[in-house]
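What follows is a set of notes on a single structure, which appears directly below.
Bear in mind that the values in this text are calculations on the coordinates, not laboratory data. All values reported here derive from a predicted model rather than from experimental measurement. Cβ atoms come from the backbone with ideal geometry, glycine included; neighbour counts cover every protein chain shown.
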Amino acid sequence: MIAAHILIAEDEPKIAALLADYLRMAGYESTTVGEGDRVLAAIAAQTPDLLLLDVMLPGKDGLQILRELRQRSTLPVIMLTARADEIDRLLGLDLGADDYICKPFSPREVVARVRALLRRAAPDAAANPFTIDEAAQRIFLAGRPVALTTSEYRLLHVLMTHRGRIYSRDQLLDLMHGDLRDVTDRVVDSHIRNLRRKLEDLAPGQSYIHAVYGAGYRFEVAEG
Ligand code: CA
């Protein structure tokens, strides 16, 4: 198997070198770019399998790079950010990052997130036991219909169609209710609780909807 190639967009040489070392020990190849203006060109030239993208870069910053990248590519991206409270803001911008890691981070954790993201981005990832009938607004788990209210259908549909993507409660509320303004975060939590119970009934012991501390929720299908 060919080693996955990770592009590291990070202007602090020590951090970049540390990441490169750990990635190499984990069996990945990597290249480092330290200037924001060169990141998109490096992606075009090297076609990496995943991008580790620092938010604060000289020249074009990470947000602008991701915005431009997402107009033409679904390349898996993990954002590196200096502050935990910035993650909320980044989620609110809905830039399309696949994951966020807060500095200071442990290189081991970065490697674990890289591995997890590559696995779920792989085309031959574990078979998805869910099917969606868009016309009938129904979702099936292992061939059996999940009994869903309209809100639950919308919620599960959003989470499933972007497997692994973290959604904040605010985003989920907007996607579920669009025009309604009197709903609160607790509504999301209550729908999530009901959804989990219904999925658990059909697939005991499996968990698909994961809470991400301080950020929101994401949907994942465990590896087989
Ligand atoms: Ca930086």
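General remarks:
- Look at the alpha carbon pairs under 8 Å that are at least 6 residues apart: their mean separation over the length of segment 5-121 gives a relative contact order of 25 percent.
- Each residue of segment 159-165 was assigned a 3J(HN,Hα) from its phi angle through the Karplus expression (A = 6.51, B = -1.76, C = 1.60, θ = phi - 60°), giving 4, 6, 6, 10, 3, x, 6 Hz with x at Gly and Pro.
- Relative contact order %, the chain, counting alpha carbon pairs below 8 Å whose residues are six or more apart: 15 percent
- Set of lysines with alpha-carbon distance to Lys103 below 28 Å, sequence-local pairs under 8 removed: Lys14, Lys60
- Under 5 Å, built H, 5+ apart or other chain: amide partners of Tyr100: Met79
- Computed from backbone phi with θ = phi - 60° and the Karplus coefficients 6.51, -1.76 and 1.60, the 3J(HN,Hα) list for segment 201-218 is 4, 7, 9, x, x, 8, 10, 10, 9, 10, 7, 10, 3, x, 10, x, 9, 9 Hz; x is used for glycine and proline.
- Taking all pairs of distinct alpha-carbon atoms in the chain, Kirkwood radius in angstrom: 18.8 Å
- Qualifying chymotrypsin sites (Phe, Trp or Tyr not before Pro) in segment 21-114, DSSP loop, other Cβ atoms within 10 Å at most 15: Phe105
- Rough spin-label spacing in nm, given labels placed 7 Å along Cα→Cβ, for Ser207 and Arg120: 1.4 nm
- Extension gain, Leu18 to Lys103: 0.36 nm times the residue separation minus the Cα-Cα distance gives 29.3 nm.
- Pair-distance profile P(r), taking every C-alpha pair of segment 125-219, with 5 angstrom steps and integer %: 2, 13, 26, 27, 20, 10, 3, 1
- Ordered by the number of other Cβ atoms lying within 10 Å of each residue's own Cβ, fewest first, Asp85, Asp54 fall into the sequence Asp85, Asp54.
- Label point distance in nm, Thr31-Ala147, each placed 7 Å from Cα along Cα→Cβ: 5.5 nm
- Gyration tensor verdict on segment 5-121 (Cα atoms; rounded if a/c is under 1.5, prolate if a/b is larger than b/c, oblate otherwise): rounded
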